[in-house]
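Have a look at the structure below before the remarks.
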Amino acid sequence: MSCLKKFVRWLKNPRGHAVWITYLLTALFVAAALAAVIIMPEGVWAAAAYAAYCLAGVSLTLSVVITVRLAPTLKQRTVSLLKRNKVAARMMEQYDFRTICFALLSFTVTIAYAEYNGVIGITRLSVWYGALAVYYILLALMRGGVLSGYRPKAAKRLKEKEIVVYGRCGAALVFMPLCLSVVIARMVSGYNSFEHPGMMIYAAALYAFCKIIAAVVHMFKARKTDDFGVRAIRSVNLADAMVSILALQTAMFAEFSPGGDNALFNAATGFGVCVLTAALGVFMIIVARKEKRKLTEEENNV
């Protein structure tokens, strides 16, 4: 009984080599369980496989409990370690700077997607890949335009430039449905669709839902700042996330309902995405005009 009490007390405050031993055993038992699933043993080995399943379940549960208990300490140590680096510390403390850093990564990935679809579109003379290439090029131009003119803690004259870029991004979003309409028409007609082989469809679904939730949350966060470079990036990310939902829907239809009549659903979702994207662009143009007029009035009153 005393050993059980010691174990419970240690579980409340796990420390020492026992933590790493638990993680190591968990990795070994999980690997053994996965190997048993692949090999599908029989006879005596089947009993060993069931034992591996049980040990993997118990050790994995124990590891999760330990991780949860250690989470505050690990977080504190990780934060203190990251703050030793100036760039990492700035990313953690400044929302605007963090947004621009991730925008640089998104810009690079978007360029890669545009090149990939452009090459395939040219070599195969594919309208589908050509339209996707134009879509990604437009995204890259919007993100690149914001990043090229971005200056932290901008002065009035630079803020006016950011507002202009913000308005131009809005105009590009109004134009974007023209590119999307070609993609949607190909999907509705049944010629092309987004596809994810095997289990990748579930990873794509998780990614798409996380992307749209994060885009909406950050859109509201960005509205609290007067940095129009950040607001433009978040607006572009929201439009991109809405297209990801459309892509996910078509991929799921292709995976789980092959040959079904899904044209109406794809057309309805595509139309909704186009309308929302254009509406977001119009909203950005209106806000840009209002802010530019406000800056002009402030300069005249000085």
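The values are calculated or read from the model by the stated rules, or taken from the named source; none is laboratory data. Keep in mind the model is a prediction, meaning the values are calculated, not measured. For neighbour counting, all protein chains shown are included, and Cβ atoms are generated from backbone atoms with ideal geometry for every residue, glycine included. Note: accessible area is taken over every heavy atom of the protein model, side chains too, but ligands, DNA and RNA are not part of it. Shrake-Rupley method; radii C 1.70, N 1.55, O 1.52, S 1.80 Å.
Here are some notes:
- Computed accessible area, S59, all protein chains, 1.4 angstrom probe, square angstrom: 10
- 222 nm mean residue ellipticity, helices alone, for the chain (DSSP H n ≥ 4; -39,500 (n - 2.57); rounded to 500): -30500 deg cm²/dmol
- Cα gyration tensor shape of the chain, rounded if a/c is under 1.5, else prolate or oblate by comparing a/b with b/c: oblate
- Global geometry of the range 248-302, whether rounded, prolate or oblate, following the gyration tensor of its Cα atoms and the 1.5 cut on a/c: prolate
- Probe 1.4 Å, accessible area per residue of the range 229-286, Å²: 40
- A Cβ-based charge dipole, computed about the Cα centre of the chain with Lys and Arg at +1 and Asp and Glu at -1, lands at about 1760 debye.
- Within the listed set L246, L158, L74, the Gaussian network model of the chain (springs between alpha-carbon atoms below 10 Å) gives the highest mean-square fluctuation for L74.
- Length gained when the stretch V68-F256 is fully extended (0.36 nm per residue, less Cα-Cα span): 64.0 nm
- Rolling a 1.4 Å probe over the protein heavy atoms leaves E299 with an accessible area of roughly 90 Å².
- Percent accessible area from carbon and sulfur atoms, the chain, protein chains only, probe 1.4 Å: 68
- Couplings for the range 229-238, taken from phi via the Karplus curve 6.51 cos²θ - 1.76 cosθ + 1.60 with θ = phi - 60°, read x, 5, 5, 5, 4, 5, 5, 5, 5, 5 Hz in order; Gly and Pro are left as x.
- With all protein chains kept in place, the per residue accessible area of the range 3-105 amounts to 76 square angstrom at a probe of 1.4 angstrom.
- Cα gyration tensor shape of the range 199-290, rounded if a/c is under 1.5, else prolate or oblate by comparing a/b with b/c: oblate
- Potential extension, A205-H17 segment - 0.36 nm per residue separation minus Cα distance: 63.8 nm
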